[in-house]
Amino acid sequence: MKPWVIVPAAAGVALLAVGVVAAKTGTQLKADEALPAPPADPGVLPQHTRAGQAKATYCQLISAYRVELAKAEGRVTEAQRRMNQIENEARGVCKDFAWNATWTYKYGGPFGASGWTELKKDQPAGLKASCLDYVKGVSASPGKPSIRKPPTAGANFMDQSWHDVREAIVRLQHQVEDARSLLPDLRRRYLAAKQEFDDAKAKVADLVKKIKDLQAQGVECGLA
């Protein structure tokens, strides 16, 4: 069988050297060949292998890539864990934030029983979603809760129930504002974790490609 030669690549990791030579007497693995000088991927090989570049082999290079790949995959897992944790925390904060509230007077007329003030509040799914989208960097605003100004008097002089409604509205306003104050930090933390996730995913893809490129040229050795 005729020998063949792999042409060196101009960009990325320069995988320079003669390819696998198959013969009746056996096979010379590229994994055992020495790397050219300078190293094919400076900064990746361990320091002790760079002390004598002539002794560093392609097997050492692919083994070093595998070590770096494991580290990058660990970064992906950790970043995803942080993103999930922050998102779960944000769901609770958005639940405190996403409220609409109003109130109305109801009474039995001038000669009826004392009137009362009715409080109505709801939590729109769209408002909770926009709050979470803000934390995840999808939208620029968390949305705006709608809470009517607290009542200052009852339906008539006998109606004192407005005090309870006022206290409920004020409590809700404080709750919403407290939740709002937590959102910017949640957003900052989530986006930082997302950036780490994206960077680590890109590193994984790059290392996988480098390993496959070497394997396609006959470089294969045990895990380091």
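The values are calculated or read from the model by the stated rules, or taken from the named source; none is laboratory data. Bear in mind that the values here come from a model prediction, so they are computed numbers and not experimental data. Positions of Cβ are backbone-derived with ideal geometry, glycine not excepted, and every protein chain shown enters the neighbour counts.
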### Residue within the stretch 147-168 that is under 15 Å from LYS95 (Cα atoms) and either loosely packed, with under 13 Cβ neighbours inside 10 Å or of a type in the set (S, T, N, Q) (or both) present
no
### Task
Go over the candidates LYS194, LYS209 one by one and state the one that is farther than 30 Å from LEU127 by Cβ, surrounded by fewer than 18 Cβ atoms within 10 Å (Cβ to Cβ) and not polar (S, T, N, Q).
LYS209
### Message
Tell me yes or no: at least one residue of the stretch 161-179 is touching a helix residue (DSSP H, G or I) at 6+ places or on another chain (Cβ under 6 Å), part of a loop (DSSP other than H, G, I, E, B), more than 30 Å from VAL76 (Cβ to Cβ) and at pLDDT below 95.
### Response
no
### Task
State yes or no: is ASP133 within 16 Å of ASP185 (Cβ to Cβ) and crowded, with 16+ Cβ neighbours inside 10 Å?
no
### Task
Determine whether VAL208 is outside any strand (DSSP E or B), within 30 Å of SER63 (Cβ to Cβ) and of a type in the set (Val, Ile, Thr).
yes
